[in-house]
Amino acid sequence: AGDGDESGGQGFFGCAYCHEAFPEKHQLEVHQHMTHDGLPFSAVPAPMPERERELLHKAPTDAISKGMPMSEVNRHCTPEDCWVAIDGKVYDLTEFMDRHPGGPSTILSWAGKEASKIFNDIHKGIDVKQYLRPEASLGDVGVDENLMSDSFWHTLREARIEEIKEEVRQLSASDAHPGSWSSSNQASTLADVLRERNLDLDLRTRLQALETQKRVALDVEDYSQAQKVKAQVDSLLAQARVQLAPQEKADGGIPLSEVARHNKPHDCWIALQGKVYDLTDHLLHHPEQRKAILAWAGRDATPMWDRIPGRFPSKSWMDYFMRPEALMGEVGTEPHVDPKLEQIKQLQAELRRLEGPSEDDIKAAKEAVVGVRMASEASKLSEEFRFPRLQEITSGRELPFFTRAEVAKHRGPPAGPAGTEPYIIVHNKVYDLTPLLQKHPGGDEVLLSRAGTDATKDFELFDHSEKARVQRDREMLIGKLVPAEHTDWAMEDKLGGEGGTTEKVAADMARYARYKAVDGIIACVSLYVYWSVKKRKPLSRLTYSRGLRHLHFIMAVGIFGSLVSAQAASRTEGLVKKRYLSLHKQTGVVMLVALVVRVCLRMMSGIPPRFPGHPIMKLIETQSLRLFYALLLVLPVSGMVNEYYLKWAPGEETTGKVGDDDHNAARAKKAITIHTRMGRFLQLVWLPFHLGYTSAYHYSQGRGVIRKVSPFI
């Protein structure tokens, strides 16, 4: 070969004296010097040798060990990088996911996991390799513990990553092919584009959102919608000037490497008997044949020709079903391969696989894993059934789909970069929290602490009214979860949440304890009534009556019950928190009723003389009691005001005045703020002060505090 094009038309240096071929000229020189010593140097054009072809399908971890730990499989748990362990082998199902007969979401739910049992239960006797490309097989699960530990394996992985980066830098710095290295950086698939660490964040978010819509369409076999989404993806890539690596057509035909790129239900090419057919439209109109056709999407189905007459691929099937417009052209020869560019592409592919998803993507995917119980029909306990007006809000709206992993990335702050706006999930719908900030009665801190998560349980704790839910959907609703990740919250409530035998036993024990607690309360109330009746006396007009002492005692029970239940609610979650909040409200009402009755009885009885003592002590006692009564009045009233403006106050739909809903929310927030601050003041300031100085004073005067306040002594 001449110096102008020594690699020949096919890109490799072949030995003129044997069948060896090399990507570099100096490698051929060494070979001929060692093997054909004495003969002049002679190179001929050669195709890619078999050892180079094997590199294309080489597992990315072969340079480290024969197997890989399960911890490495766990890292690859995103839609753009989906590994699954089956029967001791690791497979990259990213490429296969879209053409899986059961839909991509089924595979995605097992991303990064061991799926042998579920696979063998459903696909008994089926070898998964018959549906996958050779490069999808990544190796064995597990490493030899006698050679290395899991942590050391990852140390070697990181070292190999740095080694690959250095190799790519050295090859890219070569001037052997000036101006051509930029093409080696082009990704061949959309998944590779999304794996790029330096991809624009806004572009990545928009592409991932479209991919989510596509997976939802494929799950329900809506291939027309999947085609529309693909067109949107292509348009978005064109606008961003992101071009997938092109495949050259060497002789006017279509190489199999180009056919392999069209391997989806909504973009299905198949090579057969030396010709290439586009069967995408056929899949839309013949759903009964999809499984047989998709098994060969993007591949050459000639080896199966006429194996089963009447079925795809067979002569009788082609004569009956195949339309002339489906023919794309002849199968062409593979395009020219530049050995150095191919080497860089191989290294970059290995680098992407070893690096895996980013830590943020892995964290979001892990946090999104939830047990999903799909509802077979609309439950009578569902939010839509309980609040029919919600269906009016969403009727006719085309809402985009989100995955839990996508929502998990939206944690705020509110004024942060695009793609981080605070989102939240409630009843399988996705909401943007931004319109509610500065307006939420519970404060922004409560909202932002749940951003990026499923807050359905927390939302239901506070018994939001239909008005609040309608306003929520009208102002904040931006999408809904993909159906495969829905949680049947009605079933969750019925079963008492997720969990196995341990959780069921704990729930049974808690239920038993509640029953016994109720029995204990009934016994205490009965004993209290019995003692009160037995020791009753006429009302005294000179001293505290026994009736006032009863009310004093009931007020004390209400005060401490409210404080204890509020503290318990702040330290618990879920249904337990809801019960404590309910107890807090009930004890608050008891305290208010006791206060009103006590005031009435106090006015009926004679006013006793003040306790003897210093005037300052008398002043402190008087002002302390006045503050006490003010607090006991403000606390329950402010809580009721909050409930009123949240649930029952007329809003815009009733009054017709714009802004009434915002005014109600602001008043409710102000009321709960007063309630919270007054409660903390009562707990941390007034109670310690009042109990401390009264106990000390009565004790200094030789009086027993219990005897003074007890209605039974």
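Coordinate-derived values only; no laboratory data. Quick caveat, the model's predicted, so the values are computed rather than measured. Here the Cβ is made from the backbone with ideal geometry for all residues, glycine too, and neighbour counts use every protein chain on show.
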Open item on the list: Using 18 Å as the Cα-Cα cut-off, could you pick out the over-long pairs in Lys228/Lys264; Lys66/Lys363; Lys89/Lys113; Lys66/Lys117; Lys129/Lys363?
Closed with: Lys66/Lys363; Lys66/Lys117; Lys129/Lys363
Task: Förster-model FRET efficiency, 51 Å R0, Lys315 and Asn120, C-beta, rounded to 0.05 - done: 0.90
Task: Residue-wise HN-Hα coupling along the stretch 332-337, computed from phi with Karplus coefficients 6.51, -1.76, 1.60 (Hz; x: Gly, Pro) - done: x, 6, 5, x, 4, 10
TODO: Once you have a ≥ b ≥ c as the square roots of the Cα gyration tensor eigenvalues for the stretch 73-128, tell me rounded if a/c is under 1.5, and otherwise prolate or oblate according to whether a/b is larger than b/c.
DONE: oblate
Task: Efficiency of FRET between Val593 and Thr394 - r from beta-carbon atoms, R0 35 angstrom, step 0.05 - done: 0.25
Open item on the list: Above 17 Å lies some portion of the pair distances; for the stretch 420-472, what is it as a whole percent of all C-alpha pairs?
Closed with: 29 percent
TODO: Would you grab the residues whose amide H sits under 5 Å from the one on Asp300? Only those 5+ places off in sequence or on another chain, please, with H modelled 1.01 Å from N.
DONE: Ala271
Task: Inter-label distance, nm, simple model (7 Å from Cα along the C-beta direction), Asp444/Gln170 - done: 5.3 nm
Task: Of Lys467/Lys670; Lys345/Lys366; Lys585/Lys670; Lys457/Lys480, those spanning more than 22 Å from alpha-carbon to alpha-carbon - done: Lys345/Lys366
TODO: Percent of Cα-Cα pairs per 5 Å bin, from 0 to the last occupied bin, for the stretch 305-367, please list those.
DONE: 3, 13, 9, 10, 9, 7, 8, 13, 18, 9, 1
Open item on the list: Quick check: from the Cα gyration tensor, does the stretch 119-173 come out rounded (a/c under 1.5), prolate or oblate?
Closed with: oblate
TODO: Obtain the nm distance between the two label points defined at Val220 and His285 by a simple spin-label model: each point lies 7 Å from its Cα along the Cα-to-C-beta direction.
DONE: 2.4 nm
- [ ] Quick one: net charge around Thr35, please, counting Lys, Arg +1 and Asp, Glu -1 for every other residue with C-beta under 15 Å from its C-beta.
- [x] -3
- [ ] In nm, give the distance between the simple-model label positions of Glu325 and Ala292, each being 7 Å from the Cα along the Cα-to-Cβ direction.
- [x] 2.4 nm
Task: For the stretch 258-367: rounded, prolate or oblate by the Cα gyration tensor [a/c cutoff 1.5] - done: oblate
Task: Extension gain (nm, one decimal) between Val637 and Met617, 0.36 nm per residue minus Cα-Cα - done: 4.2 nm
Task: Cβ-derived FRET efficiency at R0 35 Å, Arg133 paired with Leu156, nearest 0.05 - done: 0.85
- [ ] Could you tell me what fraction of 2.2 N^0.38 Å the Cα radius of gyration of the stretch 386-436 comes to, as a two-decimal ratio?
- [x] 1.29
TODO: Rounded to the nearest Å, what's the spacing between the alpha carbon centres of the stretch 636-693 and the stretch 137-160? Just the number, please.
DONE: 59 Å
Task: Net lengthening on full extension, Ile308/Val518 (0.36 nm per residue, minus Cα-Cα) - done: 68.4 nm
